[in-house]
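One structure is given here, and the rest of the page talks about it.
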Amino acid sequence: MATVADFHRLSKIDYLNNLHLGMTYRNFVRWSDFLIPGFPENSPCLDSSLRDEVSFYTDLKVQTKQDFFNLVYLSISESMADSVKVLNGAVAFDFCKKFQTAANFIEVLKEIEEKYSNEIKIRPTLKINSNIEENLSLAEAFVDNKSIYGVYVVGNKFTSEKVENYRNILKIGRKNGLRTLLECRSLSKTEDLLFALKTYEPEALKDLPDELYSSEVEELIKQMDVKIVLSPATQNLKFMRKLADDGLKLNLCTDSFLFYKKSLSEFAADICNSALFTVEEMKVLFATLL
């Protein structure tokens, strides 16, 4: 049986960590001074209304740069405690409004990156929710700046609304050497997934649903050399095994510790205890990514 200890001391890359959600619930409560009734402290939070409350209280609490620093430090410290050496830290576009301009916000992200550079490499990634009306012209100012590491698009409307905006943002990002990541869990049709791959040419897909996977999708992913990023939200580990057997490049991420309650080491141990992967396979995966 695999244990967390099998992976805890291994140096790791967390391919995607939402920096405003990467902490324990207890630490979130201490930071926010708000207790959310019914929020599970030791099991996954899948209730969307409770997640919305977290967003509400976070937005209410972050009023200054120091508030924001204190929040993301909780996520960074959790990562360091699990021997994560490279942290792709997603920062929600919503927070930009707290700092008036894209330039100001980019400076804040630089400060965070530099402050912890001796302990962990933080790679800021701009998170854009396609289900929320965003100022996409402001997002273009971010991706045109090489101070961030990547662009992460979530939601399901990027395949049907403002397609040219998203195409332009991701095109600018790729031109500037930024990593581009699309979250797939909200997509409902294989056609939408194929459209996203062909239109946006992402470097990686996150939480690819097994019901959308087809021979055409597999072939296109291989042809485009697209990585597959799996988080604790992944329920079908047999599908993860299939992806590995099909020769696709797999990466692991924590996504949101506050919601899923899994460090990378805990996630890896769970995967191995499914009897679908061995401890050695997981260790090779972590070593390959570094």
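K98 meets all of the listed conditions (1) surrounded by 12 or more Cβ atoms within 10 Å (Cβ to Cβ); (2) in a loop (DSSP other than H, G, I, E, B); (3) of a type in the set (K, R) but one, namely (2). Residues in the range 125-147 that are at pLDDT 85 or above, surrounded by 16 or more Cβ atoms within 10 Å (Cβ to Cβ) and in contact with a Lys or Arg (Cβ under 8 Å, 6 or more places away or on another chain): T125, S130. Among the residues of the range 33-67, those that are touching a Lys or Arg at 6+ places or on another chain (Cβ under 9 Å), closer than 27 Å to F267 by Cα and either surrounded by 12 or more Cβ atoms within 10 Å (Cβ to Cβ) or acidic (D, E) (or both) comprise P40, E41, P44, C45. Only residues that are touching a helix residue (DSSP H, G or I) at 6+ places or on another chain (Cβ under 6 Å) and among the hydrophobic types (A, V, I, L, M, F, W, C) were counted in the range 149-177, giving 5. Out of the residues in the range 236-268 meeting the condition of being assigned to a loop (DSSP other than H, G, I, E, B) and among the basic types (K, R), tell me which one is nearest to P40 (Cα to Cα). Top of the filtered list is K261. Scanning the range 219-235 for residues that are under 19 Å from S256 (Cβ atoms) and either among the small types (G, A, S) or part of a strand (DSSP E or B) (or both) gives I228, V229, L230, S231, A233. Contact map, the range 71-91: residues that are over 20 Å from G150 (Cβ atoms) and touching a residue at least 60 places away in the same chain (Cβ under 8 Å) paired with residues that are in a helix (DSSP H, G or I) and not aromatic (F, W, Y), Cβ distance under 6 Å, separation 6+ or inter-chain. Pairs shown: D82/L264; D82/S265. Applying the set (1) closer than 27 Å to S43 by Cα; (2) more than 19 Å from the chain's Cα centre (by Cα) to A233 leaves exactly one unmet item: (2). Of everything in the range 165-189 that is among the hydroxyl-bearing types (S, T, Y) and not in a helix (DSSP H, G or I), the residue that is farthest from N88 (Cα to Cα) is S188.
Scanning the range 112-164 for residues that are β-branched (V, I, T), closer than 21 Å to V86 by Cα and part of a strand (DSSP E or B) turns up I122, T125, V151, V153. Can T64 be described as at pLDDT below 95 and under 24 Å from I122 (Cβ atoms)? Yes: the conditions hold for T64. Among the residues here, A90 does not qualify as surrounded by 15 or more Cβ atoms within 10 Å (Cβ to Cβ), over 21 Å from the mean Cα position of the chain (by Cα) and outside any helix (DSSP H, G or I).
The values are calculated or read from the model by the stated rules, or taken from the named source; none is laboratory data. None of the values given here were measured: they were computed from a predicted structure. We place every Cβ from the backbone using ideal geometry, glycine too, and count neighbours over all the protein chains shown.
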